[in-house]
Amino acid sequence: MRESRSPMNAAHTLLRTIDHAVLKPEAGGDEVISACELAGRLGVASVCVHPRWVTTAAVALRGSEVRVDAVAGFPLGATTTEVKAFEANQATTRGADEVDMVIAISALKSGDYDAVRADVEAVAEAARAGADGQAIIKVILEMCYLTEEEKRIAAELAIEGGADFVKTSTGFGPSGATVEDVRLLRSIAPDHVGVKAAGGIRTLEKLQAMVEAGASRIGTSSTEQIASELAAGQ
């Protein structure tokens, strides 16, 4: 007998797609701890923080199923590969389970595809080395800066470099995730590679649209608002 999907189960499934972002430049330790408490209460996938706050988040989430997610080369992707790799390794050594790295956008725009692929490979290797090979790597393509052809190339290079997810945006560019970009990434990525949508996802309706388009992770700082909308609809 097939189990029925109750509204509560559906809400939980949607909440489990969320990487709750605490990435504002002014966000301090107290805000990170509050975000972790919210994330644990709601049961989201992860809390995404700057490298400085990885240990704080790891302590706050100890014993929880919520994962710690750190960014690397964020938000411009313009630091050297060695710096990104160090950031990623330090983050996973200090307790991060996942790393969201920004692709080398300028190298991509310059046509230096080998450098883009190598950048992803190095960061993925360094992150996994700090977490006994278990770290999840999400590669941010920042698609608002890319042509349609560059979007395809960027996704393919990220996947070749070892990405577990390809991600639309940092949320700090001139625009964020679009349904069209999510569909494009889902059409390119093989089944074992996920798609993460981020940037401008502030409502339940927008989250659902991204999930329906093929996203399996959602980056947002509006988690509490989305959870309230879910609860109101049950």
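The values are calculated or read from the model by the stated rules, or taken from the named source; none is laboratory data. Keep in mind that this is a model prediction, so the values were computed, not measured. So basically every Cβ, Gly included, is an ideal-geometry build from the backbone, and we count neighbours across all protein chains shown.
What is the number of the single condition among (1) crowded, with 23+ Cβ neighbours inside 10 Å; (2) more than 19 Å from Asp69 (Cβ to Cβ); (3) not aliphatic (A, V, I, L, M) that Thr92 does not meet?
Only one criterion is unmet by Thr92, namely (2).
Tally the residues that are surrounded by 16 or more Cβ atoms within 10 Å (Cβ to Cβ) and either in contact with a Ser or Thr (Cβ under 7 Å, 6 or more places away or on another chain) or more than 27 Å from Leu76 (Cβ to Cβ) (or both), restricting the search to region 27-36.
Within region 27-36, residues that are surrounded by 16 or more Cβ atoms within 10 Å (Cβ to Cβ) and either in contact with a Ser or Thr (Cβ under 7 Å, 6 or more places away or on another chain) or more than 27 Å from Leu76 (Cβ to Cβ) (or both) number 2.
Taking the conditions exactly as written (at pLDDT below 95 and either outside any helix (DSSP H, G or I) or surrounded by 20 or more Cβ atoms within 10 Å (Cβ to Cβ) (or both)), does Met1 satisfy them or not?
Judged against the criteria, Met1 is a match.
Here's the yes/no breakdown for (1) hydroxyl-bearing (Ser, Thr, Tyr); (2) buried (at least 24 other Cβ atoms within 10 Å of the Cβ); (3) modelled with pLDDT of 95 or more:
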site: Ser6; (1), (2), (3): yes, no, no
site: Arg16; (1), (2), (3): no, no, yes
site: Pro25; (1), (2), (3): no, no, yes
site: Leu38; (1), (2), (3): no, no, yes
site: Arg52; (1), (2), (3): no, no, yes
site: Thr56; (1), (2), (3): yes, no, yes
site: Val66; (1), (2), (3): no, yes, yes
site: Ala70; (1), (2), (3): no, yes, yes
site: Gly77; (1), (2), (3): no, yes, yes
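Can you say whether Val32 is closer than 26 Å to Ser175 by Cβ and either without any contact (Cβ under 8 Å) to a residue 24 or more places away in the chain or not small (Gly, Ala, Ser) (or both), as far as the supplied structure shows?
no
Return the total of residues in region 38-59 being free of Cβ contacts under 8 Å to residues at least 60 places away in the same chain, in contact with a helix residue (DSSP H, G or I) (Cβ under 7 Å, 6 or more places away or on another chain) and either in a helix (DSSP H, G or I) or of a type in the set (Ser, Thr, Tyr) (or both).
Final tally of qualifying residues: 5.
Show the residue pairs that are 6+ apart or on different chains and have beta-carbon atoms under 8 Å apart, the first residue being within region 219-234 and within 19 Å of Ser169 (Cβ to Cβ), the second being small (Gly, Ala, Ser) and in a helix (DSSP H, G or I).
Correct list of pairs: Thr223/Ala39.
Would you please name the residue that is nearest to Asn89 (Cα to Cα), looking only at residues in region 129-140 that are touching a residue at least 40 places away in the same chain (Cβ under 8 Å) and over 11 Å from the mean Cα position of the chain (by Cα)?
Gly130
Residue by residue through region 44-59, note down the ones that are over 13 Å from the mean Cα position of the chain (by Cα) and hydrophobic (A, V, I, L, M, F, W, C).
Listed by number, the residues that qualify are Trp53, Val54, Ala57, Ala58, Val59.
Restricting to region 80-104, name every residue that is over 16 Å from the mean Cα position of the chain (by Cα) and in a loop (DSSP other than H, G, I, E, B).
Scanning region 80-104 gives Thr80, Arg94, Gly95, Ala104.
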